[in-house]
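Data block below; observations after.
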Amino acid sequence: MDIVKLGKKGQLSLPAGVLRKLGLQGAATLLVEATDDGAVILRPAAVYPIELYTDARIKEFDAANRRTKSEQARVRKVLGRRKR
């Protein structure tokens, strides 16, 4: 068990051995949880980028997904064969 000291601004540094054991490097993002019995739990957090789409970008997606006339005819033909 390692001992760490809380800094003046409330910051602490985790020992290198703990970071290696957890596979954490550099500026890893962690979730922090305080339990009712006074324990502090740190968990690695996944951070995923989010892209906000403009109307123009949505139109690009729609254009890329649009079916050609031959594809539309093929879909109609396959659907026409289905029993209802």
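Every read-out reported here was derived from the displayed coordinates using simple, explicitly stated rules and does not represent laboratory data. Fair warning: this is a prediction, and the values are worked out from it, not measured in the lab. Quick reminder, even Gly has a Cβ in these numbers, built from the backbone with ideal geometry, and neighbours come from all protein chains shown.
Considering only residues in the range 29-70 that are part of a loop (DSSP other than H, G, I, E, B) and among the β-branched types (Val, Ile, Thr), the one that is farthest from the chain's Cα centre (by Cα) turns out to be Thr68. Residues that are surrounded by 10 or more Cβ atoms within 10 Å (Cβ to Cβ) and in contact with a strand residue (DSSP E or B) (Cβ under 8 Å, 6 or more places away or on another chain) do occur in the range 44-52.
What is the residue count in the range 43-71 for residues that are hydroxyl-bearing (Ser, Thr, Tyr) and under 28 Å from Val32 (Cβ atoms)? Adding up the residues that qualify gives 1. Looking only at the range 14-28, residues that are surrounded by fewer than 11 Cβ atoms within 10 Å (Cβ to Cβ) and in a loop (DSSP other than H, G, I, E, B) come to 4 in all. The residue list Ile41, Ile58 contains one member that is aliphatic (A, V, I, L, M), under 21 Å from Asp2 (Cα atoms) and surrounded by 10 or more Cβ atoms within 10 Å (Cβ to Cβ), which is Ile41.
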